[in-house]
Each structure stands twice: as structure tokens, then as C-alpha cells.
Amino acid sequence: MIDAGTGEPEHLSALDAALAGTPLAQVLVTHAHTDHASGAPAIAAREGPPRFRKMLWPERDARWPVPYEPLADGEEVAAGDTTLVVVHTPGHAPDHLSFWHAGTRTLFCGDLAVKGTTVWIPAHLQGDLAAYLASIERVLSLAPERLLPAHGPIIDDPAPVLRGYLAHRREREQQILEAISRGDSTPDEIVARVYRGLKAELIPLAREGVIAHLVKLEREGRLRRDADSWYSVTP
Ligand SMILES: [Zn+2]
């Protein structure tokens, strides 16, 4: 099984129905966000617990402790009658893994991609936009035929979707640089300009997206930030 879910009774009974009496051998966890990892203890508490494997993120994994066996980039994982290759795809989360099935050119891609929308890069949880874009490039270079994301439907045209993500971030970056050169200097001011008319409940998400860009631009030396988180374009 890929990802442990959240451990509600409904999920555990759906798991039993899917297994139909076959023991669960292992759970590969794509990353330690709540909706992927918090169900692990509930699964571990059942009879004949499976192996749990992920790239370790110790301070985060401690929230939902199970005896994780560490996975590393490039490692081969025996899964049923086949083999998956571990692909470290950080950005959405530092420990984010995808699993590559070479025979069918299928990537189990966790939260790397979601059909019809962009992926959240939570700066407060060590999200890293530059790493995310590098992960997208890396996945493109694998030339996958389909992506099986953790959320939403199968993506059976990966290349245009992934290139679309890269284009979208480039465009957003341009808008943010433009906003700053017009005098916006805080994440909130930038959000107000770039996401004009956004519903109030979506503003925190937009703000976090803008911060992910600001961190990247600052690290690249294209922006500078003073102590109060005011940004300006590097002269
Ligand atoms: Zn996630």
C-alpha cells in the first residue's frame, strides 16, 4: 500500500475490503503530512502489522510513531510480484518520495502533482519551491506515461501537466517581481495585487505560495529582505 491515510474506521474497513483476507505486507509512505502518515499507528496496531517504509523526517515522523525503515533515493523496493524504484522528489515536503514502476512507466507521485490544480508548497513545513521545480524537471526526464497521484484522478498526459506547472511558477514569479518593483514589499501586499479578488478563506494559502516564491528569489539573490520581512528587488 502507498500511504497510510488518516486511520479512520471507514478507511480501515475499506482497507480490509480491498485486501480480502490477504495480509498487508508493507506501507510505503510518500511523505509525513497528516493525510498521508497519520493513519500509520492505527494500521500498526492491527494484527500482523506490515512494514512501514519512508524517507525519514524524524521530528515530523515522531507525531505518528511507527517503526519506519528508511528509504533512500534510487533504492529498489520489492512490491508484490514487481519492483518499484524510490525517487526522492522534495519540494512539497522535504521527505517526499515518488515510486517508479519502470515496466509501465508509471510514477506513484504522492503530492507532486494533482490533476486540475497546482500543488501547495508549505513554507512553514519546510516546503521548498526551488526543490519542487527541480523535482518536476527530474520527473519529466523519466518520461513517465502516467502519474498516479495521492489525490484525485490518474494523470495520463504527464508531460503537458508538468510543463504547465513549470510555466505557471515562472509566470507567478514574474508577477511577484513586478509587484515588488511597483512598490509592494510584504507578502500581504503582494497577495493583494497578484491575487486580486481572491476569496478571504483562500488568502492564507495564496500567502504561503507567495512566501515560497520570495524565499526562492531571496536565495537566488534576486530579492533582499530586511529584518521585518520587507522585500525589495536586488539592485
Ligand atoms: Zn502533502
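The values are calculated or read from the model by the stated rules, or taken from the named source; none is laboratory data. Values in this document were obtained by computation on a predicted structure and should not be read as measured data. Cβ sites come from the backbone with ideal geometry, for glycine too, and all protein chains shown count toward neighbours. To get the accessible areas, we keep the full protein, side chains included, count just its heavy atoms, and leave off ligands, DNA and RNA. Shrake-Rupley method; radii C 1.70, N 1.55, O 1.52, S 1.80 Å.
Consider PRO65 carefully, then state whether it is open to solvent by less than 60 Å² (accessible area, probe 1.4 Å) and out of contact with any Leu (no Cβ under 8 Å at 6 or more places or on another chain).
Values: open to solvent by less than 60 Å² (accessible area, probe 1.4 Å): no; out of contact with any Leu (no Cβ under 8 Å at 6 or more places or on another chain): yes.
Criteria not met by PRO65.
Being free of Cβ contacts under 8 Å to residues at least 40 places away in the same chain and either surrounded by 15 or more Cβ atoms within 10 Å (Cβ to Cβ) or in a helix (DSSP H, G or I) (or both) holds for only one residue in LEU166, LEU177, LEU148, LEU107, and it is LEU166.
When you check GLY183 against the structure, is it surrounded by fewer than 17 Cβ atoms within 10 Å (Cβ to Cβ) and either among the hydrophobic types (A, V, I, L, M, F, W, C) or away from the ligand (no atom under 16 Å from the Cβ) (or both), yes or no? Working first, answer last.
On the way: surrounded by fewer than 17 Cβ atoms within 10 Å (Cβ to Cβ): yes; either among the hydrophobic types (A, V, I, L, M, F, W, C) or away from the ligand (no atom under 16 Å from the Cβ) (or both): yes.
Taking the combined requirement at face value, the residue satisfies it.
With respect to (1) open to solvent by 50 Å² or more (accessible area, probe 1.4 Å); (2) part of a helix (DSSP H, G or I), the lone exception for ARG196 is condition (2). Of everything in segment 14-44 that's closer than 15 Å to PRO58 by Cα and part of a loop (DSSP other than H, G, I, E, B), which residue is nearest to the ligand (Cβ to nearest atom)? Per the criteria, the residue is HIS33.
Only residues that are buried (at least 17 other Cβ atoms within 10 Å of the Cβ) and either out of contact with any strand residue (DSSP E or B) (no Cβ under 8 Å at 6 or more places or on another chain) or of a type in the set (Phe, Trp, Tyr) (or both) were counted across segment 68-104, and they come to 7.
Taking segment 1-24, which residues are in contact with a strand residue (DSSP E or B) (Cβ under 7 Å, 6 or more places away or on another chain) and either more than 25 Å from LEU112 (Cα to Cα) or surrounded by 20 or more Cβ atoms within 10 Å (Cβ to Cβ) (or both)?
Restricting attention to segment 1-24, the residues satisfying the condition of being in contact with a strand residue (DSSP E or B) (Cβ under 7 Å, 6 or more places away or on another chain) are 1-2, 4.
ALA4, the sole residue that qualifies.
Residue-by-condition table, conditions (1) on the phi > 0 side of the Ramachandran plot; (2) of a type in the set (A, V, I, L, M, F, W, C); (3) out of contact with any His (no Cβ under 9 Å at 6 or more places or on another chain); (4) modelled with pLDDT under 90:
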site: SER141; (1), (2), (3), (4): no, no, yes, no
site: PRO153; (1), (2), (3), (4): no, no, yes, no
site: THR186; (1), (2), (3), (4): no, no, yes, no
site: ARG193; (1), (2), (3), (4): no, no, yes, no
site: GLU208; (1), (2), (3), (4): no, no, no, no
site: ASP228; (1), (2), (3), (4): no, no, yes, yes
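For segment 118-138, a residue qualifies if it is away from the ligand (no atom under 13 Å from the Cβ) and either aliphatic (A, V, I, L, M) or free of Cβ contacts under 8 Å to residues at least 40 places away in the same chain (or both), and the qualifying residues are ALA123, LEU129, ALA130, ALA131, LEU133, ALA134, ILE136, GLU137. Checking each residue in segment 113-145 for being more than 27 Å from ASP61 (Cβ to Cβ), of a type outside the set (D, E, K, R), open to solvent by 80 Å² or more (accessible area, probe 1.4 Å) and in a helix (DSSP H, G or I) picks out only SER141.
When you scan segment 110-119, do you find a residue that is small (Gly, Ala, Ser) and under 12 Å from the mean Cα position of the chain (by Cα), even just one? Lay out the reasoning, then the answer.
The initial filter retains those residues of segment 110-119 that are small (Gly, Ala, Ser), namely 110, 113, 116.
Checking which are under 12 Å from the mean Cα position of the chain (by Cα) leaves us with 110, 113.
Yes - at least one qualifying residue is present in segment 110-119.
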